[in-house]
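Notes for the one structure printed next.
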Amino acid sequence: MAQQLSPSSSDDSLTDSSGCCGVIASLLFASVLVIAAIAVGFVLVSGPSDRWQGIADSTAHPLALITDPRHPQTVYVGTEQGHVLISHDGGQNWQEAHAGLPLHTPISALALLPDGTRILAGTSKGTYLSSDEGKTWSSAGLGIPLHTIVDAVAALPNGALLAGTAGSGVYVLPPGGSTWVTATTGLPPQSDIYAFLPLAQRGHVLAALINGGIYASQDSGMTWVESDLGLSGASGVNVFSFLAIPGEHGEDSFILAGTSRGVFNSRDSGATWAPSSAGIGTTRVISLARDPVTPTVVVAGADTGVYLSQDGGAAWRVLGFGLPAEQHTGAVGVVHPVGSEQVVLASVDRLYRYPGQWLLASEPWRALGFGVLIVLAFALIAFVVWQVRTIRA
């Protein structure tokens, strides 16, 4: 006669099986939760690098930004509060200077003189000059009426200085001179100058006009002629910035211009222009800068963020995320901190850098985050040991 299992024996077997399966399922589920928590914690601690991070003084509104092409770690920033921020390590540490500058006067333009130590600043009360790399300042000369807004400054290779004003045209300070002289010949009445570009040819300089297109001078800024063929409806176009891409032997290979209709380029020293906005379109481009190490790497500050070009401005792509929405990028610059790759700086409501880090990736959050990861790892190990003992029992 075949042996029959008693009902109690069958029930015990089923109970053991279901209990074992339940413990295993619980173990797997808990393991997945802990692993997911560890992964989330790691992401929060490390953070993606494709983002912008606010740096320097959060209350300082930057208006002008220049870098030193001979020292890729050095950058100068002029603020709305009338201060100059200086960094010699690629934007990691900053010092503030304002000695000699008028109090609470916006600094809207900066230019590095050819000697590399003097800096010219355009403010809402004329021009100022520093002879010690931005630490102290003094008036750059007489002749510009008080409270004249200077939005553009430039230093020419022959020693002449230029100041572009909001509504009063151009002023020129001759080499070795102490008095600025007006140079409005050829410019439209009440010209609003936003940027200059000294070219490799001696005395040749371009001027960007608001609602006026582009003008050129071949006598160090004393006389001007319109030079914007190809800039459709140039008399009504706002031109904000220039950038010269150097050739192999130091000459200007071609020029970029940031305008209210995107980016344009010129390959004949600014005589004619053609669109160069693939990837940007016709958004307003206010600022342009190039990599001091690789000149064909160019960045543009626009109403819709910061754009990067790897081919000298032929094609563009949006760079990173995290900048304030619906605010224009008034100035950009590229630096190379020691031991680091290319770093891009952008002036919006404050100064930003790319690539940045999550807030949780900085101290003390980093230490706290790694502490949490260690605790979770030990918790997972303890849970596994406890479940294994439960199964054996």
Q | Accessible area expressed per residue, region 212-266, with surrounding protein chains retained (probe 1.4 Å, Å²) | A | 37
Q | Distribution of pairwise C-alpha distances over region 81-233, 5 Å bins, in % | A | 2, 10, 19, 22, 20, 13, 9, 4, 1
Q.
Using only the Cα atoms of region 179-269, what are the Rg and Dmax in Å?
A. 12.7, 39
Q | Extension reserve of the residue 211-residue 321 stretch, reckoned as 0.36 nm per residue once the Cα distance is removed | A | 36.5 nm
Q | Inter-label distance, nm, simple model (7 Å from Cα along the C-beta direction), residue 382/residue 115 | A | 6.9
Q: Please work out whether region 211-333 counts as rounded, prolate or oblate from its C-alpha gyration tensor, where a ≥ b ≥ c are the square roots of the eigenvalues and a/c under 1.5 means rounded, while otherwise a/b larger than b/c means prolate and anything else oblate?
A: oblate
**Q.** In region 221-313, GluC sites (Glu not before Pro) in a DSSP loop with at most 12 other beta-carbon atoms within 10 Å
**A.** 248, 251
Q.
Let's test the formula: R0 of 51 Å, r as the Cβ-Cβ distance of residue 146 and residue 375. What FRET efficiency results, to the nearest 0.05?
A. 0.20
**Q.** For region 82-198: accessible area per residue (Å², 1.4 Å)
**A.** 41
(Q) Quick check: at a probe of 1.4 Å, how many percent of the accessible area of region 208-292 sits on carbon and sulfur atoms? (A) 49
Q) So how far apart, in nm, are the two label points at residue 282 and residue 103 if each is 7 Å from Cα heading toward Cβ? A) 4.8
Q) Label-point separation (nm) for residue 89 and residue 51, each offset 7 Å from Cα along Cα-to-Cβ? A) 2.4
Q. With all protein chains present, how much of the accessible area of region 105-153 (probe radius 1.4 Å) comes from carbon and sulfur, to the nearest whole percent?
A. 57
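The values are calculated or read from the model by the stated rules, or taken from the named source; none is laboratory data. Keep in mind it's a predicted model, so treat the numbers as computed, not measured. Note that we place each Cβ from the backbone using ideal geometry, even for glycine, and neighbour counts take in every protein chain shown. The area values use the complete protein model at the heavy-atom level, side chains included, leaving out ligands, DNA and RNA. Shrake-Rupley method; radii C 1.70, N 1.55, O 1.52, S 1.80 Å.
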